[in-house]
Amino acid sequence: LEAVRALGAPVFPLGIGTPRPDDVRLLASVVLPETIFPKDKVPIRVQIEATPGFKGREVELSVKAAGRVLASKPITLQGSQFEELSFVPEQKSGLLKLDIGVAALAGEATAENNRLTRTVKVIDEKIKVLYVEGKPRWEYRYLRAALLRDHRMAVKFLLTEGDTDLAKASDQYIDKLPVDEKSTFDFDMVILGDVPASYFSEAQLGWLEKLVRDKGGSLLMLAGHQHAPMSYADTPIAKLLPVKLAGGGREIVESGAHPVVTRAGLQSPIMTLEANEIDNQDAWKLVKPLYDVPRVGGVRPGAMVLATLSTQPEYPFIAWQRYGSGKTMFVASDQLWRLRFKRGDQYHAHFWSQSIQFLALS
């Protein structure tokens with residue numbers, strides 16, 4: 001080129017080949033749990049893109065492990081689409097390397113982007129959860145039932161404003177918080193409901209913070225109308241949360257306001273109630289009316305917002321973050337039980353089960 005330039009000769013570059021060769025590819029945004037349990041039906045959601053030349057062609061989508069097909073189904077290529085299939089792990093514990101993809105078609109530019117690999121962890125032990133709640137509100141009642149039905153959970157409940165004799169009648173309940181650091185660390189996860197910060201001693205709040213920061217535990221705050229999160233502004237719990245507690249109080253939301261899943265949320269099994277994106281957003285519209293939400297001052301650096309409000313796109317309705325060696329999550333409303341409308345436990349149990357699994361199994 002330098003010699004040609006020195007001669008002053010004109011150069012006319014020509015591109016040779018097909019501008020967009022026929023190709024099928026899997027996008028990297030595969031949605032599946034990080035940790036799974038033996039004998040569980042594990043869902044996998046993938047996004048597939050195909051060039052116009054392959055539109056309408058049928059291919060086989062499969063999930064394999066060590067060369068063995070765990071699940072497969074035929075699909076018709078539509079250009080860009082989401083597909084979901086599920087499998088049951090055969091091994092009881094350890095790491096499982098999954099090969100996810102579609103069979104190569106004749107004439108493809110390359111088959112290397114037809115497949116992706118993901119590694120998940122299989123465990124055969126229960127998640128130990130402590131759920132501390134104030135009054136037995138609707139969200140608590142339905143969440144309690146979902147947790148008790150989940151064979152992967154070992155849950156203890158503490159109602160600070162409920163029947164004081166529950167702990168005597170059922171081993172599912174305890175009548176007081178752990179009284180030492182070691183007992184606190186026995187739990188993988190703590191759910192804080194609408195309980196005033198003053199219910200905890202300074203030492204107990206410190207143990208909760210240390211459980212997440214140093215022991216890899218998790219904390220989930222389920223906001224309420226009286227105490228959570230407002231009363232925790234000047235406690236160690238405030239810095240655990242992915243949202244900033246500023247100003248206190250609550251703000252009224254419009255009657256039609258509902259959660260909207262963010263782009264990050266669409267890549268999370270927590271928020272995936274339906275495989276199709278439009279159907280998934282429609283499912284979350286069931287969560288209304290919300291009445292009001294806690295007033296917050298945005299999210300912390302590094303926090304991931306999974307859902308916002310339809311009327312306030314900047315409001316972090318559901319968010320999580322890593323804190324030390326653990327994870328924390330904030331849910332801004334106790335109205336998620338409305339997911340049960342005409343759907344029974346399908347959506348509600350899925351959200352809570354996936355959330356706890358995601359948080360507790362760091």
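The rows are residues; the columns are (1) crowded, with 20+ Cβ neighbours inside 10 Å; (2) charged (D, E, K, R); (3) within 24 Å of residue 145 (Cα to Cα).
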{"site": "253", "(1), (2), (3)": "yes, no, no"}
{"site": "259", "(1), (2), (3)": "yes, no, yes"}
{"site": "278", "(1), (2), (3)": "no, no, no"}
{"site": "296", "(1), (2), (3)": "yes, no, no"}
{"site": "303", "(1), (2), (3)": "yes, no, no"}
{"site": "330", "(1), (2), (3)": "yes, no, yes"}
{"site": "343", "(1), (2), (3)": "no, yes, yes"}
{"site": "347", "(1), (2), (3)": "yes, no, yes"}
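Could you tell me whether any residue of the stretch 73-83 is more than 28 Å from residue 357 (Cβ to Cβ), under 24 Å from the mean Cα position of the chain (by Cα) and free of Cβ contacts under 8 Å to residues at least 40 places away in the same chain?
yes
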Picking from 85, 105, 130, which residue would you name as being crowded, with 18+ Cβ neighbours inside 10 Å and either of a type in the set (D, E, K, R) or touching a helix residue (DSSP H, G or I) at 6+ places or on another chain (Cβ under 8 Å) (or both)? 105
The residue that is modelled with the highest pLDDT, considering only those in the stretch 237-246 that are more than 21 Å from the chain's Cα centre (by Cα) and in a loop (DSSP other than H, G, I, E, B), is 245
The stretch 221-232 residues that are more than 14 Å from residue 132 (Cα to Cα) and without any contact (Cβ under 8 Å) to a residue 60 or more places away in the chain, paired with ones that are in a loop (DSSP other than H, G, I, E, B) and open to solvent by less than 10 Å² (accessible area, probe 1.4 Å) (beta carbon under 9 Å, 6 or more apart): 231/195; 232/241
Condition met for residue 255 (outside any helix (DSSP H, G or I), among the hydroxyl-bearing types (Ser, Thr, Tyr) and under 20 Å from residue 193 (Cα atoms)): no
Unique residue being closer than 29 Å to residue 210 by Cβ and more than 18 Å from the chain's Cα centre (by Cα) when the list is 269, 289, 301, 313: 301
Taking first residues from the stretch 91-112 that are in contact (Cβ under 8 Å) with a residue 24 or more places away in the chain and second residues anywhere that are among the aromatic types (Phe, Trp, Tyr), the pairs with Cβ under 9 Å that are 6 or more apart or on different chains are 98/87; 105/54; 107/54; 108/54
Would you mind finding the one in 32, 26 that is within 28 Å of residue 280 (Cβ to Cβ) and in contact with an Asp or Glu (Cβ under 9 Å, 6 or more places away or on another chain)? 26
Any residue at all in the stretch 55-65 that's farther than 15 Å from residue 115 by Cβ, open to solvent by 10 Å² or more (accessible area, probe 1.4 Å), at pLDDT below 90 and not in a strand (DSSP E or B)? no
Touching a Leu at 6+ places or on another chain (Cβ under 9 Å), over 18 Å from residue 220 (Cβ atoms) and outside any loop (DSSP other than H, G, I, E, B), is that true of residue 283? yes
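Scanning the stretch 337-358 for residues that are closer than 17 Å to residue 152 by Cβ, among the small types (Gly, Ala, Ser) and more than 9 Å from the chain's Cα centre (by Cα), which turns out modelled with the highest pLDDT?
Step by step, filter the stretch 337-358, then rank; the result is 349.
For the stretch 145-236, list the strands (runs of 3 or more DSSP E) that sit wholly inside it and hold at least 1 residues that are of a type in the set (D, E, K, R) and surrounded by fewer than 20 Cβ atoms within 10 Å (Cβ to Cβ); which are they?
The strands (runs of 3 or more DSSP E) meeting that bar are 153-159.
Going through 183, 170 one at a time, which residue ends up being under 29 Å from the mean Cα position of the chain (by Cα) and free of Cβ contacts under 8 Å to residues at least 12 places away in the same chain? It would help to see each step written out before you state the result.
Details: 170 fails: under 29 Å from the mean Cα position of the chain (by Cα).
On inspection, the qualifying residue turns out to be 183.
The values are calculated or read from the model by the stated rules, or taken from the named source; none is laboratory data. This is a predicted model, so every value here is computed, not measured. Quick reminder, even Gly has a Cβ in these numbers, built from the backbone with ideal geometry, and neighbours come from all protein chains shown. The protein model used for the area step is the full one, side chains on, heavy atoms only, and it has no ligands, DNA or RNA in it. Shrake-Rupley method; radii C 1.70, N 1.55, O 1.52, S 1.80 Å.
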